[in-house]
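For reference, the structure is listed below as structure tokens.
Every number here is computed from the coordinates shown, using simple stated rules; none is lab data. Predicted, not measured: the structure shown is a model, and the values here were computed from it. So basically every Cβ, Gly included, is an ideal-geometry build from the backbone, and we count neighbours across all protein chains shown.
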Amino acid sequence: MAELDGLVERLDAVAEDLADAALDALRVAVEAGERKSELERRLTQARRAVERAAALVRERPPAGGL
């Protein structure tokens with residue numbers, strides 16, 4: 001199951017990268033005088049999807065199930 005642990009770590013890293021990118025997009029939008037950022041919204045949606053994927057991989061079946 002070490003390969004699954006590695007996969008979860010990579011998914012967590014991608015989620016962090018998406019969160020950083022969303023904050024950057026929001027910062028740029030605010031500096032431009034905008035109240036909303038479509039890019040930030042999409043990046044946040046992608047981050048949530050990756051977090052859900054990591055949670056699903058973490059939920060391992062009982063021993064002998066995989």
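Of note:
- Loop-resident GluC sites (Glu not before Pro) (DSSP state other than H, G, I, E or B) in the chain with no more than 14 further Cβ atoms inside 10 Å of their Cβ: Glu34, Glu59.
- Contour minus Cα-Cα distance for Ala53 and Arg35 (0.36 nm per residue): 3.5 nm
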